Amino acid sequence: MSVWSGPRNVSTALMYSFRQRPDTLVVDEPLYGHYLKVTRADHPGDEEVLAVMDQDGDRVVQEVILGPCEMSVHFFKNMAHHLTDLDRGFLNSTTNVLLTRDPAEMLPSLARQLPNPTMRDTGLLQQVEILDHALRHDDVPVVLDAKQLLLDPPGVLRRVCGRLGIPFYEEMLRWPAGPKPEDGVWAKHWYANVHASTGFSSYQPKSDAFPQRLVPLLEECIPLYERLSRYAVPAETSV
């Protein structure tokens, strides 16, 4: 299964959750090297990422994402924007899950790592492409919203596992603190909070004022997020 997330969407926590399953192998952002090569995006630690990762996206798709796995579940944490300049045809051969987050909460967090984020950095356009791909093929899209997940981790994960046809394990709700062997080399720049965690944090609404300079990007993001969120697996109790 490939989780197509945007940045700052609790995607690493979700990867750690699936890592706790006895039947699952997880892989952290295998297309990141490809994305940095084709976009020349200025990211923290980008030269180190390029030095250690396969930058040939087509080869990564064929040999890693569509390659063999010794476990029954192969979980790929992918950023949706890492699909840049790749043929989307392979999506027909993967189980695709979309992980999204309200841009009013995501963008200020992203801007702490990328001071001047653009639409390309959010992955929302590619997420909507994947959504439309599923709908064109009469698939029911599997969409996770970060807020709903944090409001009700056991309920949302149980329903998502049911949709995916795999068992839910209580072990998915807890993990040991600290780095994991599967972490990408970029973890030291992005994963500090999740490394301090031992489970999904409780949802806390943002109280800080939204940065005025990000308002134009927020206005672009909202209709895309709203399309995705209509399909999101709901928490038992929403706030």
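The table below gives the values:
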item	result
Residue, nearest to Val49 (Cα to Cα), within segment 144-186, restricted to residues that are small (Gly, Ala, Ser) and without any contact (Cβ under 8 Å) to a residue 24 or more places away in the chain	Gly178
The lone exception for Ala41 - which of (1) surrounded by 15 or more Cβ atoms within 10 Å (Cβ to Cβ); (2) modelled with pLDDT of 95 or more; (3) not hydroxyl-bearing (Ser, Thr, Tyr) it fails	(2)
Segment 19-38, residues that are within 19 Å of the chain's Cα centre (by Cα) and of a type outside the set (D, E, K, R)	Gln20, Thr24, Leu25, Val26, Val27, Pro30, Leu31, Tyr32, Gly33, His34, Tyr35, Leu36
Scope segment 132-169; condition over 19 Å from Val10 (Cβ atoms) and either in contact with a Phe, Trp or Tyr (Cβ under 7 Å, 6 or more places away or on another chain) or assigned to a helix (DSSP H, G or I) (or both); matching residues	Asp132, His133, Ala134, Leu135, Arg136, Gly162
Criterion (without any contact (Cβ under 8 Å) to a residue 40 or more places away in the chain, touching a Phe, Trp or Tyr at 6+ places or on another chain (Cβ under 8 Å), surrounded by 14 or more Cβ atoms within 10 Å (Cβ to Cβ) and not in a loop (DSSP other than H, G, I, E, B)) met by exactly one of Val61, Val49	Val61
Selection status of Lys180, assigned to a helix (DSSP H, G or I), over 16 Å from the mean Cα position of the chain (by Cα) and under 24 Å from Val27 (Cβ atoms)	no
Subset of segment 203-215 [surrounded by 10 or more Cβ atoms within 10 Å (Cβ to Cβ) and either within 25 Å of Gln126 (Cα to Cα) or touching a Pro at 6+ places or on another chain (Cβ under 9 Å) (or both)]	Lys206, Phe210, Pro211, Arg213, Leu214, Val215
Condition check for Asp121: out of contact with any strand residue (DSSP E or B) (no Cβ under 8 Å at 6 or more places or on another chain), free of Cβ contacts under 8 Å to residues at least 40 places away in the same chain and charged (D, E, K, R)	no
Verdict on Leu99 being modelled with pLDDT of 95 or more, open to solvent by 40 Å² or more (accessible area, probe 1.4 Å) and part of a strand (DSSP E or B)	no
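The values are calculated or read from the model by the stated rules, or taken from the named source; none is laboratory data. Predicted model, so just to flag it, every value in this text is computed and none were measured. Using ideal geometry, Cβ is built from the backbone for each residue, glycine included, and neighbour counts are taken over all protein chains shown. What goes into the accessible areas is simple: the full protein's heavy atoms, side chains included, and nothing from ligands, DNA or RNA. Shrake-Rupley method; radii C 1.70, N 1.55, O 1.52, S 1.80 Å.
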